[in-house]
Amino acid sequence: MSATKLITVSPSPHNYGDESVSKIMYRVIWALVPAFAVSLVFFGVGALIVTAIAITSCVAFEYLIAKYIIKSKPTVWDGSAILTGLLLAFNVPSNLPIWIIILGSLVAIGIGKMSFGGLGKNPFNPALVGRVFLLISFPVQMTSWPKAVEARWAYLDATTGATPLGLLKEGLMNGKPLSELMDQIPEYSQLFLGNMGGSLGEISALALILGGAYLLWKKIITWHIPVSVLGTVVAFTGIMWLVNPDQYIDPAFHLLSGGMLLGAIYMATDMVSSPMTPKGQIIFGVGIGVLTCVIRLFGAYPEGVSFAILIMNAFVPLLDKYIKPKRFGEVKK
Amino acid sequence: MNTIVITILSLSLIGSLAAIILYFVAQKFKVIEDPRIDQVDEVLPGANCGGCGFPGCRGFAEACVNSEELADLFCPVGGNDCMSDVASVLGKDAVSKDPEVAVIRCSGSPEHRSQTNFYDGAVSCTVAHNLYAGDTGCQYGCFGCGDCVVVCDFDAIYMNEETKLPVVIDDACTACNACVEECPRDIIELRRKNKKDRKIFVSCVSMDKGGIAKKACSVACIGCKACLKVCPHDAITVENFLAYIDPVACKLCRKCVVVCPTDSILEINFPARKIKVEKENSAEEAVIKK
Amino acid sequence: MKTFPKGGVHPPENKIASGAGIETFALPKSVVIPVAQHIGAPATVIVQKNDLVKVGQIIAQSSGFVSANIHSPVSGKVTKVDNFLDTSGYKRKAIAIEVEGDEWIDSIDQSEQLVTDISLSADEIVARTLEMGIVGLGGATFPSHVKLSIPKGKKAEVLLINGIECEPYLTSDHRMMLEKGEQVMVGVQILMKALGVDHAFIGIEKNKPDAIIHLTKLTADFPGIKVISLKVKYPQGGEKQLIKAIVDREVPSGGLPIDVGAVVHNVGTAFAVYEAVQKNKPLIERIVTITGKNVKKPANFRVRLGTPVADLVEACGGVPDNTGKIINGGPMMGKALANLDVPVTKGTSGLVLVPEPESRRKPVMNCIRCGKCTQVCPMGLEPYLLMTYAELKRFDDLERDQVLDCIECGSCSYTCPANRPLLDYIRLGKNNVSQIIRSRNKK
């Protein structure tokens, strides 16, 4: 030991794992790449522009707010702002004007995340806060969905149409029978691949499941939330379908359409805004499933995943307070 | 027209109904409290720092009202003015105490106390103190993790980046005792506040033998008793190789500061001395004597 | 294959020294024997400066039920009874002895002959472990006679021998099982007799296949003992985890292993008990692993207690240039040393020299609530919550959320992706809560 170099002393443990926050964030981003590739195929230029704008503005806002308002050391390269931007982009149509995207990013990062103190402190999923803000503020722009494939080379002037869920909702509200509407909906195999109108990242079930499998393998997420969300949706819509197949569509459609998979696998499992314990996660997932179905089947909006997740986010502190992991050697009373 | 009338009627109906319910509920659950508690609470500083030993200002107010005398009760933040206000509200006799201020009794900056290892644990003095003796050769001195800064409700302590030691802002310090309790090494002490914030104190808490203490830190008190001999007011005691100046007995004559061979006695906020040389000479003498 | 079900992590094993046979370390020039080498009350010194002592002579007497005798590991002259730096840098009372020759007291049988017949009765065995200053050699240094004295109303049903050595790097127990297998087996039988149990399990993780095979072979000669091979998972060597893994019983929160009829001893302790009972030899030696990625010659030494650790490191080729941290014990639960001028004590299971790049913690970030700490906690606690409570000094909440159940295994800090100092604060909270409870009980 030379005099210049000091030996380190710290409390145990002296062995540190190789996990890090940014590793987790970048792995989630990697898991979203297949879905992004699919959206490039179906929505082309629009998808690229929207995603690029969302990510850039989220990172920029995080940097600016951290530096000038909170006055903390900006940590934009941990990947969390990029992820928020990516998820926000995935939740909007690919023909959304740039200024709306930037506004959405500001709300997502500024209100959804930084106002609570930054990374790890936000009770709600920031991307969804931004998305829901946009949906309520700009209902027209947010619900004019470019048609898949046709919109490949267009951005703002893309031809638009309804999402399968939207078609269904409108049709049923106008009193049309389900069998007639079924003809207008693309085949399930097309839904599985992603050939339909919708938010740019939510369309391809295949790509989302692929990414989800990667996350499970890397132990970023556990099965509890996705399985409980999807299971509840299948059970809920399945029962309705069995009771009245003329009025309610089958569960497979609900799984493949809208933001169901994106929500269940990527948004609800957001570490910051989901419960800590497996038991809590299952309750959380079931809650999301039930709320989604209630909104989809009985509400005014055709889609309810975002609302369901945000509402259940609010219950997370409660779940964490009352649902404790099973202690070792618990004394039975 | 009809709509307006119905609206006004129904709203006022709901309003008065609610008012009636509220009135009865308020009557039912009325808490009878001594009104003086509110009055006392009013004159207290409202910092809720707990420096008085009670849970918040309200707790202190209750204690003041309920106790016969105010002798044991003192609000260090409000000081004598506040206590005389309290006394006048309650018609009791006020006690007065000398105002106090926190002082940091360690001068072990990196310049004086060389680092022997690198601490890499949680930034908390208490954690470090429970772990080991510290990142210098002195097992009594300041860690510099700033627990006292965090615990201070009045922003009266900050870390000096250069010396890695906390500094008390005398005007902001309310002597609430929070830092004294927080410091795991009992370095901080509340001492009587003197005119113009003048202070003389032994800025060291090392109870090591002179040689060991000096080796670890060049401004450590080595227990040489030079100050003890020179003090005309019998204010100094030396125990466990550590001198202590009684703040009440000390008359701020500064004789001890001059003789201290390690400069561990500090004089603060005094006018500059006329002859600096004298001090150095006597310091050398003290060393030789030892 | 068995293991404990809840939590746990898999730190890199790095058992570099597992191939190095046990070498007897040369007698040091002088030794320093702290009087507090065990959990419980420090022993009372009964020698004075300039006294001449022999190997095995008692120099400090046990000062309570939970305390242990300390014997001189060398022969020579007591030079000082004063305060010396301990492993944490504080000055603690210790006895310094200058070595002169190697003269043992007569009652110790120094031969290597294996003695299998146990002539002592159960009570005599307990008395002997007390007399010989035997403490748990797994690292916790809990006086062994306390564990062998079964409180009234409780009954020991099974003895578990801990050969897990789940700490990375350390190999002293592994070498012990390989080279002193017979003695360990006799030691286990002595412990069984003392407890009045008829069967014992030796738990070994499957990363030590040679030890498993060797001891399994030996079980043929020693009825009642069974070797259980276990999956590799940290902290399987924790008492409660081991009991759960081998006999599937859960020690109740706040309870002791004896509450479920189990007693756990380390293989090193079994060996020490063998020597104490069959050879009349007090605890004056132990096996210490000196290892690390850049250590020239990793080794397992049989060392007299009190030997300066610097001597051991020197014998292994000195401190490598880029050493950033020196750990007394394993890297998960060991204590980082601020200097090498400390002696080997009863609890020194090894010394790990960590290279500079691995010795520093990574910058702390905000908690991202990933829940990994909760997943890996073997006690089913919520480390993230306990840390926050401890930081905010919410001691009532800490107590309610069972902070005292924490075994300080460090799995939470190890696994945290935000590098939060979870265990640092939990330990702090534990200290405070146990103080509060103690003062409450006094009232």
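Within the range A:191-224, being among the hydroxyl-bearing types (S, T, Y) and assigned to a helix (DSSP H, G or I) holds for one residue alone: A:Y214.
Against the criterion of being part of a loop (DSSP other than H, G, I, E, B) and either within 14 Å of chain C (Cβ to nearest Cβ) or at pLDDT 95 or above (or both), A:A66 does not qualify.
Being farther than 30 Å from C:C166 by Cβ, within 12 Å of chain C (Cβ to nearest Cβ) and surrounded by 16 or more Cβ atoms within 10 Å (Cβ to Cβ), is that true of even one residue in the range A:29-50?
As a first pass, look at the range A:29-50 and keep what is farther than 30 Å from C:C166 by Cβ: A:29-50.
Filter again for within 12 Å of chain C (Cβ to nearest Cβ), leaving none.
No, the range A:29-50 has no match at all.
The set of residues in the range A:133-172 that are in contact (Cβ under 8 Å) with a residue 40 or more places away in the chain, surrounded by fewer than 22 Cβ atoms within 10 Å (Cβ to Cβ) and under 20 Å from the mean Cα position of the chain (by Cα) comprises A:L135, A:Q141, A:M142, A:T143, A:S144, A:G166. You will find that of A:V129, A:V149, A:V107, A:V92, the residue that is at pLDDT below 90 and out of contact with any strand residue (DSSP E or B) (no Cβ under 9 Å at 6 or more places or on another chain) is A:V149 and no other.
Among the residues of the range A:289-299, at least one is more than 13 Å from every other protein chain (Cβ to nearest Cβ) and of a type in the set (K, R). Condition (residue is part of a loop (DSSP other than H, G, I, E, B) and either within 18 Å of the chain's Cα centre (by Cα) or over 18 Å from B:E182 (Cβ atoms) (or both)) applied to the range B:60-67: is it met by at least one residue? Yes, the range B:60-67 has at least one match. Here C:G306 qualifies as on the phi > 0 side of the Ramachandran plot and away from chain A (no Cβ under 13 Å).
Being open to solvent by less than 50 Å² (accessible area, probe 1.4 Å) and among the charged types (D, E, K, R) is a description that applies to C:K372.
Look at A:M271 and say whether it is crowded, with 19+ Cβ neighbours inside 10 Å, under 22 Å from A:G238 (Cβ atoms) and touching a residue at least 24 places away in the same chain (Cβ under 8 Å). Break it down stepwise before answering.
Working: crowded, with 19+ Cβ neighbours inside 10 Å: yes; under 22 Å from A:G238 (Cβ atoms): no; touching a residue at least 24 places away in the same chain (Cβ under 8 Å): yes.
Criteria not met by A:M271.
Whether a residue is assigned to a helix (DSSP H, G or I) and without any contact (Cβ under 8 Å) to a residue 60 or more places away in the chain was assessed, and A:L262 does not pass this test. Across the range C:298-341, the number of residues qualifying as in a loop (DSSP other than H, G, I, E, B), surrounded by fewer than 22 Cβ atoms within 10 Å (Cβ to Cβ) and in contact (Cβ under 8 Å) with a residue 60 or more places away in the chain comes to 2. Within the range A:109-125, identify whether any single residue is within 14 Å of chain C (Cβ to nearest Cβ), polar (S, T, N, Q) and assigned to a loop (DSSP other than H, G, I, E, B), and answer yes or no. Yes - at least one qualifying residue is present in the range A:109-125.
Okay, residues lined up against (1) in contact with a helix residue (DSSP H, G or I) (Cβ under 9 Å, 6 or more places away or on another chain); (2) touching a residue at least 12 places away in the same chain (Cβ under 8 Å); (3) closer than 18 Å to B:S206 by Cα; (4) among the basic types (K, R):
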position: B:D93; (1), (2), (3), (4): yes, yes, no, no
position: B:R105; (1), (2), (3), (4): no, yes, yes, yes
position: B:H112; (1), (2), (3), (4): no, yes, yes, no
position: B:T116; (1), (2), (3), (4): yes, yes, yes, no
position: B:S124; (1), (2), (3), (4): yes, yes, no, no
position: B:Q139; (1), (2), (3), (4): yes, yes, yes, no
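Contact map, the range B:48-65: first residue farther than 14 Å from B:A175 by Cα, second residue aromatic (F, W, Y) and open to solvent by 60 Å² or more (accessible area, probe 1.4 Å), Cβ cut-off under 8 Å, separation 6 or more or different chains; pairs are B:F60/B:F54; B:E62/B:F54; B:A63/B:F54. Remark: pairs (first residue in the range C:404-420, within 7 Å of chain A (Cβ to nearest Cβ); second residue open to solvent by 20 Å² or more (accessible area, probe 1.4 Å) and among the acidic types (D, E); Cβ separation under 8 Å; 6+ apart in sequence or on different chains) = C:T415/A:E19; C:P417/A:E19.
Rundown of residues vs (1) in contact with a Lys or Arg (Cβ under 7 Å, 6 or more places away or on another chain); (2) acidic (D, E), yes/no style:
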site: B:V167; (1), (2): no, no
site: B:A178; (1), (2): no, no
site: B:C183; (1), (2): no, no
site: B:D197; (1), (2): no, yes
site: B:I200; (1), (2): yes, no
site: B:V205; (1), (2): yes, no
site: B:S218; (1), (2): no, no
site: B:C221; (1), (2): no, no
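Applying a threshold of 9 Å to beta carbon distances and a minimum spacing of six or more residues, or different chains, the list of pairs starting in the range C:62-73 at a residue that is within 12 Å of C:L283 (Cβ to Cβ) and assigned by TED's automatic domain parsing to the domain that holds C:A127 and ending at one that is of a type outside the set (A, V, I, L, M, F, W, C) and loosely packed, with under 15 Cβ neighbours inside 10 Å is empty.
Across the range A:107-125, which residue is farthest from the chain's Cα centre (by Cα) among those that are open to solvent by 10 Å² or more (accessible area, probe 1.4 Å) and under 13 Å from A:S57 (Cβ atoms)? So the residue we want is A:G110. Within the option set C:M387, C:M333, being more than 10 Å from chain A (Cβ to nearest Cβ) and among the hydrophobic types (A, V, I, L, M, F, W, C) holds for one residue only, C:M387. With respect to the conditions (1) part of a helix (DSSP H, G or I); (2) closer than 28 Å to B:I187 by Cβ, B:I8 falls short on a single one, namely (2). Show the residue pairs meeting these rules: Cβ distance below 7 Å; 6+ apart or different chains; first residue within the range C:144-159 and closer than 19 Å to C:Q37 by Cβ; second residue in a loop (DSSP other than H, G, I, E, B). Taking only residues 6 or more apart or on different chains, the pairs are C:S144/C:I134; C:S144/C:G136; C:V146/C:F65; C:V146/C:V66.
Given the criterion open to solvent by 10 Å² or more (accessible area, probe 1.4 Å) and not charged (D, E, K, R), identify the matching residue among C:P363, C:P383. Working first, answer last.
Working: C:P383 fails: open to solvent by 10 Å² or more (accessible area, probe 1.4 Å).
Selected residue: C:P363, the only one of C:P363, C:P383 that is open to solvent by 10 Å² or more (accessible area, probe 1.4 Å) and not charged (D, E, K, R).
For the range A:263-282, taking the residues that are in contact with a helix residue (DSSP H, G or I) (Cβ under 6 Å, 6 or more places away or on another chain) and of a type in the set (A, V, I, L, M), the one that is farthest from the other protein chains (Cβ to nearest Cβ) is identified as A:A264.
Just one of the listed residues (C:F25, C:F65) is open to solvent by 50 Å² or more (accessible area, probe 1.4 Å), in contact with a helix residue (DSSP H, G or I) (Cβ under 8 Å, 6 or more places away or on another chain) and aromatic (F, W, Y), namely C:F65.
In this structure, is C:A211 outside any loop (DSSP other than H, G, I, E, B), within 14 Å of another protein chain (Cβ to nearest Cβ) and under 22 Å from the mean Cα position of the chain (by Cα)?
Details: outside any loop (DSSP other than H, G, I, E, B): yes; within 14 Å of another protein chain (Cβ to nearest Cβ): no; under 22 Å from the mean Cα position of the chain (by Cα): yes.
So C:A211 fails the test.
When the helices (runs of 4 or more DSSP H) confined to the range C:349-433 are screened for residues that are modelled with pLDDT under 95 and over 27 Å from the mean Cα position of the chain (by Cα), those reaching at least 2 such residues are found at C:383-391, C:395-400. Scanning the range A:225-259 for residues that are touching a Leu at 6+ places or on another chain (Cβ under 7 Å), part of a helix (DSSP H, G or I) and not β-branched (V, I, T) returns A:L230, A:M240, A:L255, A:L256.
The values are calculated or read from the model by the stated rules, or taken from the named source; none is laboratory data. Note that this is a predicted model, so its numbers are computed, not measured. Neighbour counts are summed over all protein chains in view; Cβ atoms, including those assigned to glycine, are modelled from backbone coordinates with ideal geometry. All accessible areas refer to the heavy atoms of the entire protein, side chains included, with ligands and DNA or RNA removed. Shrake-Rupley method; radii C 1.70, N 1.55, O 1.52, S 1.80 Å.
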